[in-house]
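Student: Quick one: structure below, then a few questions.
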């Protein structure tokens, strides 16, 4: 199983989520991932990255989860928050690592860092 890691902005149309208001406008609350294998577009909400990624629960088959976990341990991402999924069209396994942050005035958010995909 080949593990491919790429910057999140190569697959997602939005990689930053925040509770901040910028010039009276809230920042986007959705992001769409485009599968590199079949071009399926998968939509995610801000809540997926801000709360569900903190659970560190994998819904991938055990062998795929183990392959990505091993990559994470070797590349400094072990223990970090993540969200993973299988493409509904072609079953490509993918995981995005998420960096959470907190600022002043109750501002908080999440940034998508790196996407890890498995080629069978």
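The values are calculated or read from the model by the stated rules, or taken from the named source; none is laboratory data. Please read all numbers here as calculations on a predicted model, not as lab measurements. All Cβ positions, even for glycine, are placed from backbone atoms using ideal geometry, and neighbour counts span all protein chains on display.
Student: Residue 81 - would you say it is surrounded by 12 or more Cβ atoms within 10 Å (Cβ to Cβ), in contact (Cβ under 8 Å) with a residue 12 or more places away in the chain and within 15 Å of residue 12 (Cα to Cα)?
Tutor: Spelling it out, it is not the case that residue 81 is surrounded by 12 or more Cβ atoms within 10 Å (Cβ to Cβ), in contact (Cβ under 8 Å) with a residue 12 or more places away in the chain and within 15 Å of residue 12 (Cα to Cα).
Student: In the list 67, 10, 94, 2, which residue meets the criterion of being loosely packed, with under 14 Cβ neighbours inside 10 Å, under 16 Å from residue 119 (Cβ atoms), in contact with a strand residue (DSSP E or B) (Cβ under 8 Å, 6 or more places away or on another chain) and at pLDDT 95 or above?
Tutor: Numbers: 67 fails: loosely packed, with under 14 Cβ neighbours inside 10 Å; 94 fails: loosely packed, with under 14 Cβ neighbours inside 10 Å; 2 fails: at pLDDT 95 or above.
Exactly one of 67, 10, 94, 2 is loosely packed, with under 14 Cβ neighbours inside 10 Å, under 16 Å from residue 119 (Cβ atoms), in contact with a strand residue (DSSP E or B) (Cβ under 8 Å, 6 or more places away or on another chain) and at pLDDT 95 or above, namely 10.
Student: Restricting attention to the range 44-64, which residues are surrounded by fewer than 16 Cβ atoms within 10 Å (Cβ to Cβ) and either modelled with pLDDT under 80 or over 19 Å from residue 88 (Cα atoms) (or both)?
Tutor: Result: 47, 51, 54, 55, 56.
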